[in-house]
1. I need the peptides 242-249, 51-58, 118-125 ranked by packing, meaning the mean over residues of other C-beta atoms within 10 angstrom, with the highest value on top.
2. Please say if the stretch 57-137 is rounded, prolate or oblate, where rounded means a/c under 1.5 for a ≥ b ≥ c the square roots of the C-alpha gyration tensor eigenvalues, and otherwise the choice is prolate for a/b larger than b/c and oblate otherwise?
3. Cross-link partners among lysines for Lys182, C-alpha distance below 17 Å, same-chain residues fewer than 8 apart left out?
4. Excluding residues on the same chain fewer than 8 positions from Lys219, give the lysines whose Cα lies under 19 Å from its Cα.
5. Can you compute the helix-only [θ] at 222 nm over the chain? Use -39500 (n - 2.57) per DSSP H run of at least 4 residues, normalise by all residues, nearest 500 deg cm²/dmol.
6. In whole Hz and in residue order, list the ³J(HN,Hα) couplings for the stretch 196-213 that follow from phi through the Karplus curve 6.51 cos²θ - 1.76 cosθ + 1.60, θ = phi - 60°; x for Gly and Pro.
7. Whole angstrom only: what separates the Cα centroid of the stretch 62-99 from the Cα centroid of the stretch 244-300?
8. Apply the Karplus parameterisation 6.51 cos²θ - 1.76 cosθ + 1.60, with θ equal to phi minus 60°, to every residue of the stretch 101-109 and state each ³J(HN,Hα) to the nearest whole Hz, in sequence, with x for glycine and proline.
Amino acid sequence: MKDFKDKVVVITGGANGIGLGIAKRAVKEEMKVVIADIDVHALERAEKELKKLGGLVLPVLTDVSKPENVEALAQKTLETFGEVRILCNNAGVGGGGLLWESTLNDWKYVMGVNLWGVIHGIRVFVPIMLNQDNECHIVNTSSMAGHLAEPLSGIYNITKFGVVALSETLLGELKNENTKIKVSVLCPGFVNTNIATNSFRNRPAELRDRDIDQETANKEWLETHPKYKSYFETFYRTLEEGLSPDKAGDIVFEAIKDEAFYIFTDTSFIWKRMVKNRMNGILEAFKQNKPYTRETIEVY
Ligand SMILES: NC(=O)c1ccc[n+]([C@@H]2O[C@H](COP(=O)([O-])OP(=O)(O)OC[C@H]3O[C@@H](n4cnc5c(N)ncnc54)[C@H](O)[C@@H]3O)[C@@H](O)[C@H]2O)c1
């Protein structure tokens, strides 16, 4: 898609961070912009900000983990704007900890938003796009964590690998079916957003194990896992030093124009080396001349 003017874009998680960055660029492109988010206050803030930039904006309170909410989002979009041409399945939450210590609620929360949210987006919107039979584009947000399964973010990694697999499958199926729908998978490196705080705050009461604030939770966890203190500090610092969400939004639009499937926002040497090591290790193991062992992987 080269021309965006007057076309409709739906962005889940559009009230903050990368989603809002995509929405701002969409306004610049004179698109009709639907922002769907679970955070009602952020949604109001984002609506005001986008309208100030001159945007035609529809905010829709949505929990992407709930199929009926995503169905309602599609209905509201069609009622208001009559079509949808770009869908950004972008809503996501973080979650950390050792895999075997994660609670059932931890699994349900992160899988529900990051993986089921994208699944619902595909289930609901692809048939609409097929029915429209015009040029459309779907951007699913994964992460570098969809390519590198680093310790301490196991559930998150699983969801993001899942989004890469889902997107690659979708790419092939939409090609086989000779449709006009293009697909990309957005795999950001670190982007300067409040994902950690937002994820903690937005977690629904029924999926919380304890009534505790984020600072206390982090402090308690580090007391029982002191060896990971520097990992924590590095994570928060690197997030702060990350790319601006607006720049991420621009990168997404350039990729849509180029019909690029993989969208990487950070092509720095360290990511390339880590992905290359993993891929080479798999290829070597495949050739059966070198086992893929603990020593093959790079962990921070
Ligand atoms: N920030 C990074 O460094 C980074 C890196 C790689 C991937 N990502 C991915 O980018 C996407 C956006 O993250 P971000 O960093 O902009 O975070 P963010 O917290 O700034 O934005 C995420 C938005 O999703 C919304 N959201 C959360 N749960 C929701 C739900 N159930 N239904 C609807 N909306 C919901 C939040 O309210 C928030 O507005 C996520 O999928 C995240 O995993 C982020």
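Bear in mind that the values in this text are calculations on the coordinates, not laboratory data. Since we're looking at a predicted model, the values are computed, not measured. We place every Cβ from the backbone using ideal geometry, glycine too, and count neighbours over all the protein chains shown.
1. On the way: 242-249: 18.9, 51-58: 15.5, 118-125: 21.0.
Taking the mean over residues of other Cβ atoms within 10 Å, the ranking is 118-125, 242-249, 51-58.
2. Working: a/c = 2.95, a/b = 2.37, b/c = 1.25.
Judged from the Cα gyration tensor, the stretch 57-137 comes out prolate (a/c at least 1.5, a/b above b/c).
3. Cα-Cα hits under 17 Å: Lys2, Lys7, Lys257.
4. In chain and number order, the partners are Lys227, Lys229.
5. Working: 11 runs with 149 residues, N = 300.
Helix contribution divided over all residues of the chain: -16000 deg cm²/dmol.
6. 5, 5, 4, 5, 5, 5, 7, 5, x, 3, 5, 10, 9, 8, 9, 8, 8, 7
7. Answer, in whole Å: 26.
8. 9, 5, 7, 4, 5, 4, 4, 5, 5
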